[in-house]
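The values are calculated or read from the model by the stated rules, or taken from the named source; none is laboratory data. Because the structure is predicted, anything quoted here is derived from the model rather than measured. Counting neighbours? That spans all protein chains shown, and the Cβs are built from the backbone with ideal geometry, glycine included.
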Amino acid sequence: MSKRCWFAVSTKCTLAQSANCDEGTVTDEAPPSLDSARLQIARLVLDDFADLKRAMLTAARVSATTLGVTRVGIWSLAEDRSALRRVALYDLGQPKEQVIADLELPLAHWPAYLAAVSSRRVIAANDALRDARTSELAAAYLVPHAVSSMLDAPLFVRGEVWGVVCHEHTGAARIWSEREIGFAVSVADMLSTMLEQAMRLAIEARLRQTEAELAQLRRAEAVVRTAAAIGHDINTLLQAISGRAELAVHYGPGRQSEVMLDIVGDCQRAARIVGQLRELDAPVQALGLESDVSFVINDTRATLDALLAPSHTLTVELAPEARVPASRADLERIVLNLVINAKEAMPLGGAVSVVTRRTESGVLLEVRDQGSGIAPEQADQIFEPYFTTKNGRNTGLGLFAVATIARRTAGVVAFESKQGVGTTVSISWAG
């Protein structure tokens with residue numbers, strides 16, 4: 001064979017740089033030693049699955065130039081072992097082209113070669129046209145490609161034969177030395193490791209994509225819940241507005257003006273709630289934001305009375321200066337939801353009690369009803385979205401919204417219930 005030509009490949013060439021290396025110029029330098037070539041291939045790094053083909057081509061080029069063969073192809077074995085498909089090819093006769101070929105060889109008529117490939121052993125065919133393991137390929141592949149000698153090393157994935165690295169020598173037949181066979185096996189072993197790494201990277205990428213899609217679905221679900229919760233709270237205020245408007249029809253001008261002012265107040269509350277259209281699990285609000293929960297309750301007293309009338313009554317006991325780290329809109333939503341929830345727990349009427357107290361640790365808000373209470377087996381579910389014990393009379397979003405807002409404002413929600421006596425829902429804020 002004439003003087004070998006090879007690509008000068010730096011041992012520091014990464015896969016990100018290998019496009020330039022793959023199109024290097026032909027030099028008259030000697031091919032790398034077997035140890036140097038092994039080192040070049042061992043230093044290839046995969047950053048993602050897409051790097052695999054480039055790594056295969058780089059390994060095929062280094063192997064071809066080191067052993068002085070015309071071509072090195074990397075072939076994958078079909079799962080049913082019916083065919084070999086070439087997934088990468090380096091041809092020394094086309095040094096500026098790194099070819100990824102999709103050539104496929106059916107193995108049905110080549111049982112000896114299939115058996116040799118499946119045997120998990122290297123195929124060192126010094127005379128490929130006469131070797132019993134490879135002679136079946138003569139008409140279909142060896143003669144058309146002028147292959148005289150073959151050196152095929154198996155590729156493994158998870159302990160099973162995945163394919164072969166095929167070294168194709170043209171010209172006079174050659175005898176493969178033990179060192180050359182060992183080199184071919186080591187190249188195949190390194191490529192096997194790359195294959196498993198690439199598959200692992202692909203699985204990890206797929207997992208990241210699945211996690212991103214799941215996170216997107218969760219965000220979409222949060223948006224739906226937010227819209228539903230906001231709609232629930234707006235509907236509560238609309239009930240108060242509607243009730244007041246109906247009463248105003250029967251009042252004189254002076255009383256109508258008073259009712260209209262109450263209606264304006266409810267509209268402003270609704271506007272503040274609409275301004276909270278964001279995910280319910282939003283981060284904790286900025287430090288320094290405070291509102292007086294007692295003031296908010298007193299200011300919404302007329303609205304609460306309108307929502308409870310005529311079958312329910314409201315009693316309040318408010319501590320002065322009960323400031324908590326929450327916005328006015330947050331507190332209005334909490335109070336409205338707790339009072340309506342208490343009302344719905346007493347379908348035949350009753351008293352709803354709203355209490356604020358200053359404690360040693362901060363501020364406590366309590367809303368009590370005199371309903372039938374909550375069964376112990378339902379205790380762990382009452383703050384879950386869409387869970388309700390009031391079929392047909394509740395969306396199951398009131399207490400969920402309360403718990404979410406409380407958590408966002410650093411409050412702690414608790415409840416105490418006794419069947420036949422009633423339920424108390426409380427929120428405590430450290431102060």
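Assorted remarks:
- Residue selection: Leu142 satisfies the criterion of being surrounded by 16 or more Cβ atoms within 10 Å (Cβ to Cβ), touching a residue at least 12 places away in the same chain (Cβ under 8 Å), farther than 14 Å from Trp176 by Cα and among the aliphatic types (A, V, I, L, M).
- Given (1) under 21 Å from Val352 (Cβ atoms); (2) surrounded by 15 or more Cβ atoms within 10 Å (Cβ to Cβ); (3) modelled with pLDDT of 90 or more, number of the condition Ser291 does not satisfy: (1)
- Of all residues in segment 118-134, those satisfying the criterion of being within 18 Å of Ser82 (Cα to Cα) and crowded, with 16+ Cβ neighbours inside 10 Å are Arg133, Thr134.
- Test: residue in segment 225-241 that is modelled with pLDDT under 70, among the β-branched types (Val, Ile, Thr) and either closer than 18 Å to Lys343 by Cα or loosely packed, with under 12 Cβ neighbours inside 10 Å (or both): no
- Number of positions in segment 135-193 that are assigned to a helix (DSSP H, G or I) and among the basic types (Lys, Arg): 1
- For segment 345-354, filtering for residues that are of a type in the set (A, V, I, L, M) and part of a strand (DSSP E or B) leaves 3.
- Counted residues, segment 156-189 - those being within 34 Å of the chain's Cα centre (by Cα) and closer than 27 Å to Leu137 by Cα: 8
- All positions within segment 379-421 that are surrounded by 13 or more Cβ atoms within 10 Å (Cβ to Cβ), among the polar types (S, T, N, Q) and either modelled with pLDDT under 90 or in contact with a helix residue (DSSP H, G or I) (Cβ under 7 Å, 6 or more places away or on another chain) (or both): Gln381, Thr388, Thr389, Asn394, Thr395, Thr404, Thr409
- Residues of segment 323-344 satisfying the condition of being of a type in the set (A, V, I, L, M) and either assigned to a helix (DSSP H, G or I) or surrounded by fewer than 24 Cβ atoms within 10 Å (Cβ to Cβ) (or both): Ala329, Leu331, Ile334, Val335, Leu336, Leu338, Val339, Ile340, Ala342
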